[in-house]
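FYI, it's all coordinate maths here, none of it is from the lab. Quantities reported herein were computed from a predicted structural model and do not represent experimental measurements. Glycine also receives a Cβ, built like all others from the backbone with ideal geometry; neighbour counts cover every protein chain displayed.
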Amino acid sequence: MPLHIVSAILFSPRGGSSYVARALTGGLRAQGCDVTLLAGSRSDLDGLGDARRFYGDEDLRVVDFDPAIASDDPLAYVGPPGTAPMHPSFEDRPGAIDRVFAALDDDAYERQVAAWSRELVAAGAAEADVLHLHHLTPLNEAAARVAPGVPVVGQLHGTELLMLEAIDADVQRWAHAEAWARRLRRWAQECSRILVADGAVGRARDLLELEEERIVPLANGVDTDMFRPRPVDRRAIWREVLVECPRGWRPGGKAGSIAYQEDELGPLTDGTVVVYVGRFTAVKRLPLLIEAFAAANERTSTPAGLVLIGGHPGEWEGEHPIETIARIRARGVFLAGWYDHSRLAELLCAADVVALASAREQFGLVLVEGMACERPAVATRSPGPVSIISDGTTGWLTADDSEDALAQALAEAIDNHHERADRGRAARRVICENYTWDAIAERLAAVLEDVVLPSMAT
């Protein structure tokens, strides 16, 4: 009999964990597993948060946030089956409808648990062989209540650890921080296994107070058929993305509120293109990246452009990139807006280098995707990039907090075409050997089977 898995993610599609959930669900099915995916969904944001569109319809159960979003208080919403209160967030963004978990009181917590308990029952959680839960969220409590005999494998994506670190640094920061810290640690300790990126094992062990033998390192992967080097028309791509159909956005503005003229695209059509892909969260340190790129531009003989791909409209922490650009008068920095994963490979192939300035980055999926396209990476030495990039061979690693070191690495990458090409080819070889989704899904299936066998024996 195939392994019957219920996999669940509380959030609507919007970040790296959604891509991982989609890829692993498909990979487990390819391994012969029977997988039901339960996921949050919203239809605004130009459809970018629509779970049906993102995951497809194969054995998918959607929990709709639209009624909650339309209500007077999205986190207080109580509705019929197939709906839930708006999901909270591990990030604290003033004015956002998805308020940070640690600010939610017990009543709001119970509403989350009640809604997701109902949805897990409908998804058949109690009849599953194993539950695969992304992040540490009220889904874990719901699973304990409605499927207490089913083993749980939790998969961390880093954001939950960031919130725990913020709580440990200042427990008074949010009204209910202490209660949420206890919950996250309890949920992790109740999991049969915790999956975490290689570079974050020690951090997860210490923050969650776990025995290390229950933590399983599991990298994220990449579709090396989709993400591969290919010839593209750079001029046409950047003209479409930035001039003809812009999606960049200003604070308070919609997608397309930032647009460019074709005569501004010179650095992208005639020079070296550096890209960042991801959300506009504090941990990504976009101001540092923009400042380092501006400094690199002063050191190079080759024209260069930096394209920021990502950032859901209205979602950002700290200084918005357009504010950083204005503050330092940076030249050659472009905001492209959010694009579906299916378009990302083409955009990466229209670039030369992938850059990431994150602090405490658990993995860095875009680095793997860019490297699969033979684009070497420039990144700061946080745990994820250190586990992926070989400095001097597949990319450049720099001191974690040094703008000057990051600027120097960017300058070397911008000016040295032959070195970029050599490191790019080496990067793809490493990715194809170690980071394919088929290989990652095979490892995950083995972990899930290992957890199920003892429970079946009893």
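Only Cα sites of the chain enter the Debye sum here, all with the same form factor; the resulting log10 I(q)/I(0) across q = 0.06, 0.11, 0.14 1/Å is -0.25, -0.86, -1.39, listed in q order.
Given axes a ≥ b ≥ c from the Cα gyration tensor, I'd like to know whether the range 234-434 is rounded (a/c under 1.5), prolate (a/b larger than b/c) or oblate. Note, shape of the range 234-434 comes out rounded. Charge tally for Ile215 (other residues, Cβ to Cβ under 13 Å; Lys, Arg +1; Asp, Glu -1): -2. Note on the chain: helix-only mean residue ellipticity at 222 nm, from DSSP H runs of 4+ residues weighted -39500 (n - 2.57) and normalised by residue number, equals -12500 deg cm²/dmol. For the range 146-277, the spread of Cα positions along the three principal axes, ordered from largest to smallest, is 59, 40, 31 Å. Relative to one another, the C-alpha centroids of the range 106-184 and the range 311-339 are positioned 32 Å apart. Using the average count of surrounding beta-carbon atoms within 10 Å as a protection proxy, the listed peptides 155-166, 339-350 rank, highest first, as 155-166, 339-350. The length gained by stretching the chain between Asp225 and Arg327 to full extension, at 0.36 nm per residue less their Cα-Cα distance, is 32.6 nm.
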